[in-house]
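Encoded as structure tokens, the structure appears first; notes follow it.
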Amino acid sequence: MDTMSSNLGDQELEILRAVWQLGDATVRQIFERVGAPRSLAYTTIATVLDRLHKKGFLSRERQGKTWVYRASRRESVVQKSRMRSLVDRIFGRDPEPAVARLVDAVESYDPELLDRLATEIASRRRSRRGS
């Protein structure tokens, strides 16, 4: 598992999402999309982009005097890693009791969701057997 993905702060994740959406992005573009609406300083955006680059989430290329950033990890990979880290934190070493409580909660919240989840589980089991 990529533990680096779980170490992303909210601000880093928001900026990374903007880079995923734009494809290639300059500090100015990210500032206009994320920084200005949130009253963040331009230098804050530049610092976070640099930090994401150092952590390996972004690559960058100099174009004249400007850095152009590009995601070096796919969004789906980062999100999957973040979700795995969350599950590990919630369920701990013995996930069975927590999963049982989660099933109880889902059933009381939306019994049809429990049925859809059972269908999804069965589908995944079939696809693993076929692999």
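The values are calculated or read from the model by the stated rules, or taken from the named source; none is laboratory data. This one's a predicted model, so the numbers in the text were calculated from it and none came from an experiment. Ideal geometry is used to build each Cβ from the backbone, glycine not excepted, and the neighbour counts take in all protein chains shown.
Against the conditions (1) closer than 25 Å to ASN7 by Cβ; (2) of a type in the set (Asp, Glu); (3) at pLDDT below 90, where does GLU96 fall short? Just the number, please.
So the condition that GLU96 fails would be (1).
Quick one: which helices (runs of 4 or more DSSP H) sit completely within the range 15-126 and have at least 3 residues that are within 18 Å of the chain's Cα centre (by Cα) and surrounded by 15 or more Cβ atoms within 10 Å (Cβ to Cβ)?
Details: elements: 27-30, 42-54, 75-91, 95-109.
Per the criteria, 42-54, 75-91.
Considering SER39, SER76, which residue is polar (S, T, N, Q) and under 22 Å from ASN7 (Cβ atoms)?
Only one candidate passes the filter, namely SER76.
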